[in-house]
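Worksheet for the structure shown next.
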Amino acid sequence: MNTKIPFQLSKDQTFYESLNDWLGDTLYDDLTEKGFECRDEQIYMAFQIEQALKDKQVLLAEAGVGTGKTIAYLLPAIAYARYTGKPAVISCADETLIDQLIKEEGDIQKLSEALNLNVDVRLAKARNQYICLKRLEEVSNTTNEDFVDFVEDELPDFIYADRSLQSVYPYGVRSDYPYLKDEQWDMINYHPIQQCAACDIRNRCGQTIHRNHYREAVDLIICSHDFYMEHLWTKESRSRQGQLPLLPEVSMVVFDEGHLLEYSAQRALTYEVQQQTIVQLLERIMVDGIREKSLQLMEQLLDVHELFFNQLRSNATKHDNERLTIEKNEEMMRLANKAVSLSNDLLEEFVFEGELYVIPEYDLKIVEEYLEQYIYSMELFAGQNDAVDWLEERREESTLLIMPRLVTSILKEKLFTGTMPIIFSSATLSVEKSFDYLAYSLGIVDYQSFSIASPFDYENVMKIHLEQGTVEDNRRRLSSILATEEQTLVLFSSKQSMMDTYDSLPLEQRVLVTYEGERSLSSLVKDFQQQKVPVFFSYHLWEGLDLPNESLTRVIIFDLPFPPHDPLFEARREFAEDAFDEVDLPFMLLRLRQGVGRLIRTSDDFGSIHLFVEPDCNELLPVIERVLPVPFS
């Protein structure tokens with residue numbers, strides 16, 4: 001594989017001066033000769049990234065749709081990776097963006113062929129994107145689900161065969177099983193309680209094989225924001241345990257759709273306590289021969305744990321999304337502290353159990369690791385601190401989530417250190433020409449920034465229709481608009497809003513609609529792009545969805561994308577001087593601009609936007625219109 005720097009270095013110029021010359025020659029001449037469009041905005045962005053590499057700075061690069069942002073950051077990233085001998089990371093907001101970046105007709109493949117670069121690009125997916133063979137085996141032994149047989153039939157022969165490990169190859173990622181519903185996948189994918197280091201088949205596990213594969217990348221590693229944040233938070237602890245970090249040492253990071261990084265950082269820092277997980281784990285090790293004291297402690301812990309969750313459910317308030325606010329009381333705190341005390345006592349007894357070898361070593365290791373995390377989480381919940389907590393109901397199981405609030409401090413300490421270039425790329429990083437909202441939410445103090453507009457002639461290719469009415473009025477209006485069939489993306493502010501609206505449609509229209517969560521997101525997007533379905537309902541795809549030409553000609557924004565009134569955003573509002581102006585409005589405007597940006601992706605695109613606004617938001621229409629590409633029609 002050719003891994004040389006794609007231009008000659010000389011004694012008369014630094015690497016950065018040579019990179020600057022190469023970028024100009026490539027974008028102005030070489031790519032133009034190969035049929036690429038020469039865009040001044042793209043060239044300007046590439047030069048700004050070159051300067052950020054030289055200064056090892058954080059760069060907030062806001063460039064409108066059609067600028068060619070991907071090529072603008074790929075060229076310097078590939079050259080810098082080869083110069084430093086360390087791969088560059090391209091971190092995307094979600095798996096859909098990753099799939100679009102690496103598809104056969106994507107920008108990486110086009111660049112590789114046009115410039116004869118032979119780019120070495122490898123995927124690093126989040127751990128929950130892989131099958132766990134242990135969990136698959138458990139589900140197979142305890143259920144009669146048909147999908148388990150299909151998955152098992154597709155597993156490689158080398159997993160259980162007595163065959164050399166030289167014959168293994170990557171397998172078992174979510175995208176390999178598009179027919180599985182999210183609920184089915186969640187039954188067999190990696191779960192945080194799994195102890196991979198103690199697993200007897202870890203060397204034949206798809207996740208392990210993928211890890212070994214991408215760690216050898218030369219040019220690019222593509223991952224999600226969630227995965228990069230998980231790498232960041234676990235890097236030190238994995239090293240202490242003698243494990244490799246999730247990612248190798250890299251030269252730079254590009255956060256594509258970087259305005260979403262904060263939420264990935266929050267998710268990576270969030271601790272979970274499920275109602276049933278500890279029950280299943282402790283019951284697994286209640287084997288014959290276990291000491292009476294250990295058995296009694298486990299039974300006491302299970303009783304206290306159940307009472308604790310009864311308290312949580314009795315004192316939880318539901319909102320318009322899955323996060324329930326918890327109203328804490330003395331009994332709840334007493335039970336949480338009691339659970340911590342019993343867990344610590346139980347861990348002491350497990351020292352003796354381990355010497356007796358009655359409990360299988362792998363099972364005991366899982367329980368010990370889980371109890372340590374359980375103790376930390378419950379102490380965080382019951383302590384006097386700034387942690388944010390909430391309750392969720394998932395597949396009829398209650399889950400307590402606790403998130404330390406100081407995400408910005410941790411990001412400042414672990415990421416924005418000034419030792420590595422970090423590029424944020426998006427069409428929407430600023431709010432009314434200011435980058436303060438994003439920089440403050442991520443803890444960025446020193447940064448470079450620029451904003452360049454889209455080259456598209458929006459006034460001639462886009463119409464924005466304002467639809468005003470109550471929720472019921474808007475549902476009737478939506479049904480009327482959908483009666484005129486064309487490729488339509490309908491965006492909602494929450495899953496609840498999406499499903500309520502879907503259920504309100506007449507049956508003859510529902511059969512024309514595919515909705516997020518029905519099956520894997522990548523397969524839904526593919527079917528919509530191929531026009532196998534005319535209407536796509538989504539509450540996540542406000543950004544990153546790239547459907548040019550006839551595959552998308554109408555976008556309907558059913559409700560303004562304000563942040564929910566859940567514990568996470570309530571905590572942010574609490575620390576703001578003006579909660580609406582500092583939290584709610586900037587979030588909504590950023591997300592709205594992203595949603596509108598789904599429509600026009602190329603110079604050949606055209607179509608209409610229907611923006612539904614309820615009466616109590618009429619006073620916001622002037623500020624909304626200011627951030628839109630064209631005025632209301």
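The values are calculated or read from the model by the stated rules, or taken from the named source; none is laboratory data. Since we're looking at a predicted model, the values are computed, not measured. Every residue, glycine among them, receives a Cβ derived from its backbone with ideal geometry; neighbour counts consider all protein chains shown. Accessible surface areas use protein heavy atoms only, side chains included; no ligands, DNA or RNA. Shrake-Rupley method; radii C 1.70, N 1.55, O 1.52, S 1.80 Å.
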Give me the percent of the accessible area of region 1-131 that comes from carbon and sulfur atoms, probe 1.4 Å, all protein chains in place. 42
Less than 24 Å apart at the alpha-carbon level, and either on another chain or at least 8 residues along: which lysines does that give for LYS532? LYS103, LYS181, LYS495
Nearest 10 degrees is fine. How inclined is helix 495-504 to the longest principal axis of the chain, computing both from alpha carbons? 80
May I ask for the distance between the Cα centers of region 395-428 and region 2-22, given as a whole number of Å? 34
Rounded to the nearest 10 degrees, what's the angle between the helix 292-314 long axis and the longest principal axis of the chain, both from Cα atoms, 0 to 90? 50
Square roots of five times the C-alpha gyration tensor eigenvalues of region 483-560, ordered largest first and given in whole Å, equal 17, 15, 12
One quarter of the C-alpha convex hull surface, i.e. the mean projected area of the chain in nm², amounts to 30.7
In the full protein assembly as shown, how much of VAL218 is accessible to a 1.4 Å probe, in Å² to the nearest 10? 50
Angle in degrees between helix 361-382 and the longest Cα principal axis of the chain, rounded to the nearest 10: 70
Span from the region 255-291 Cα centroid across to the region 321-359 one, whole angstrom: 14
Give the lysines reachable from LYS11 as a straight Cα distance under 21 Å; neighbours fewer than 8 places away on the same chain don't count. LYS54
Solvent exposure of region 159-230 as accessible area per residue, Å², 1.4 Å probe: 45
How long are the three semi-axes of the equivalent ellipsoid of region 317-368, in whole Å, if each is the root of 5 times an eigenvalue of the C-alpha gyration tensor, listed from largest down? 35, 16, 5
Residue-normalised accessible area of region 247-399, given per residue in Å² at a 1.4 Å probe: 47
Restricting to Cα pairs under 8 Å and 6 or more apart, the percent relative contact order of region 481-613 works out to 32
Where a ≥ b ≥ c are root eigenvalues of the Cα gyration tensor, a/c under 1.5 meaning rounded, otherwise prolate if a/b exceeds b/c and oblate otherwise, region 330-435 counts as prolate
List, in the order given, every pair from LYS69/LYS463; LYS134/LYS526; LYS4/LYS414; LYS412/LYS526; LYS338/LYS365; LYS110/LYS433 whose Cα-Cα distance in the structure shown is over 28 Å. LYS134/LYS526; LYS4/LYS414; LYS412/LYS526; LYS110/LYS433
For region 403-552, what percent of Cα pairs sit more than 26 Å apart? 47
Just need the Rg to Rh number for region 86-213, please, alpha carbons only, Kirkwood Rh. 1.01
Value of Rg/Rh across region 276-382 [Cα atoms, Kirkwood radius]: 1.03
What is the projected area of the convex hull of the Cα atoms of region 517-633, averaged over all directions, in nm²? 8.7
Cβ-Cβ FRET estimate between GLU485 and THR602, R0 fixed at 22 Å, reported to 0.05: 0.45
Where region 513-633 is the region considered: accessible area per residue in Å², 1.4 Å probe: 37
Taking 8 Å as the Cα distance limit and 6 or more residues as the minimum spacing, I'd like the relative contact order of the chain as a percentage. 18
Spatial separation of Cα centroids for region 143-162 and region 63-119, in angstrom: 35
What's the carbon and sulfur percent of region 181-319's accessible surface, probe 1.4 angstrom, rounded to a whole number? 45
